[in-house]
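The values are calculated or read from the model by the stated rules, or taken from the named source; none is laboratory data. These numbers were taken from a predicted model, which means no experiment stands behind them. Counting neighbours? That spans all protein chains shown, and the Cβs are built from the backbone with ideal geometry, glycine included. Keep in mind that these areas ignore ligands, DNA and RNA; they rest on the heavy atoms of the full protein, side chains included. Shrake-Rupley method; radii C 1.70, N 1.55, O 1.52, S 1.80 Å.
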2 protein chains.
Amino acid sequence: MFSKACEYGIRPSIFIAKNSREGRRVSPKEISAEINSPQAFTAKILQALVRNQIINSVKGAYGGFEINKDEIASIKLSQIVEAIDGKKIYSGCGLGLEKCNENHPCPLHDKFKLIRNELKTMLENTNLEELALDIKTGMTFLKT
Amino acid sequence: MFSKACEYGIRPSIFIAKNSREGRRVSPKEISAEINSPQAFTAKILQALVRNQIINSVKGAYGGFEINKDEIASIKLSQIVEAIDGKKIYSGCGLGLEKCNENHPCPLHDKFKLIRNELKTMLENTNLEELALDIKTGMTFLKT
DNA sequence: CTTAATTAAGATAAGTTTATCCTAATTAAA
DNA sequence: TTTAATTAGGATAAACTTATCTTAATTAAG
Ligand code: FES
Ligand code: FES
């Protein structure tokens, strides 16, 4: 469904959100250990999220990644997915036609569009705070 | 959402279904021309569908691909998707955890599972006949 | 100012998916 | 039985995704 890159965007973001709520910056090393992902590759994705102003990085000693506490609740999953995988997941044809088009639909268009839209709505209505809270209470997990 | 291979499984199947309803066998050449896909690669996917007994092939002169008329309505999209992409699309964790598990869920599990199940239901409740009929009436398209 | 810690970024490698090419096997028709 | 048409299948290549490695840039602390 999502690319590995996208997964390595979402899981770290949740982990960073959780820690930022507790006032702690985290390093790529700690992140990849906690979410069980390849460190250098994950760091690359984090760079992209920083460029997209979804997370903040602080360079140099005692630096790391963080998210402004008061922004955590307003960051939607859709922003992360779009920053990494683009919006093709929202707009692309399920059968691979060049464009998904009401006036030139593929045979699966009506049915596929419904599900694609639900996915979109879900991602747009899910924010980092709610995901981070479940992690904190040990109800959900980010690895294995 | 689906891999290219899967798209090259679904679109040809619809095209073959439409033609089989009309009593015509089709060749990989005709198929890839009509659905605008790479011929050799598409042929490979067709081989896999034949091995999975979803479509029939007739070798030799005047051969080609076809589907038994009375089976078209009973072939579900889910069969094609599973034959090519496997069932990971139905069961895999949205955030890439090794297993999607009720007892060890990722933060997105509840919301993701809903959508994944809807996709599954949709594919299981869509058969080749209905898709082929829309093509035939010119209401839907398989290329560009 | 120097040092040590840390993110950024580019180069490279490995792995997977997508695509092409060539030959073998099969079969209907002449 | 020969021929021409056609699918099957293996080998290879190209493209893309995923992953690693090395160096540069930045910054807090001493
Ligand atoms: S045209 Fe295929 S999903 Fe809309
Ligand atoms: S555990 Fe992630 S979707 Fe179920």
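Computed values, structure above
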read-out	value
Scope the stretch A:118-139; condition among the polar types (S, T, N, Q) and without any contact (Cβ under 8 Å) to a residue 24 or more places away in the chain; matching residues	A:Thr121, A:Thr137
Odd one out for A:Leu142 among (1) in contact with a Ser or Thr (Cβ under 8 Å, 6 or more places away or on another chain); (2) touching a residue at least 60 places away in the same chain (Cβ under 8 Å); (3) within 16 Å of DNA strand D (Cβ to nearest atom)	(1)
Per-region count, the stretch B:82-96, residues more than 14 Å from DNA strand C (Cβ to nearest atom) and open to solvent by less than 60 Å² (accessible area, probe 1.4 Å)	4
Only one of A:Ile135, A:Ile89, A:Ile115 that is within 16 Å of the chain's Cα centre (by Cα), in a helix (DSSP H, G or I), β-branched (Val, Ile, Thr) and within 16 Å of ligand 1 (Cβ to nearest atom)	A:Ile89
Selected residue [within 14 Å of chain A (Cβ to nearest Cβ) and either more than 16 Å from ligand 2 (Cβ to nearest atom) or closer than 30 Å to A:Ser32 by Cα (or both)] from B:Ile80, B:Ile67, B:Ile54	B:Ile80
Selected residue (criterion: least open to solvent (accessible area, probe 1.4 Å)) from residues of the stretch A:63-76 that are free of Cβ contacts under 8 Å to residues at least 60 places away in the same chain and assigned to a helix (DSSP H, G or I)	A:Ala73
Index of the failed condition, B:Gln79 passing every other in (1) away from DNA strand D (no atom under 15 Å from the Cβ); (2) of a type in the set (S, T, N, Q); (3) surrounded by fewer than 16 Cβ atoms within 10 Å (Cβ to Cβ)	(3)
Enumeration of residues in the stretch B:106-131 that are within 8 Å of another protein chain (Cβ to nearest Cβ) and in contact with a Phe, Trp or Tyr (Cβ under 9 Å, 6 or more places away or on another chain)	B:Cys106, B:Pro107, B:Arg116, B:Leu119, B:Met122
Tabulated pairs, the stretch B:34-51, first more than 20 Å from B:Leu128 (Cβ to Cβ), second aromatic (Phe, Trp, Tyr) and in a helix (DSSP H, G or I), C-beta under 7 angstrom, 6+ apart or interchain	B:Phe41/B:Tyr8
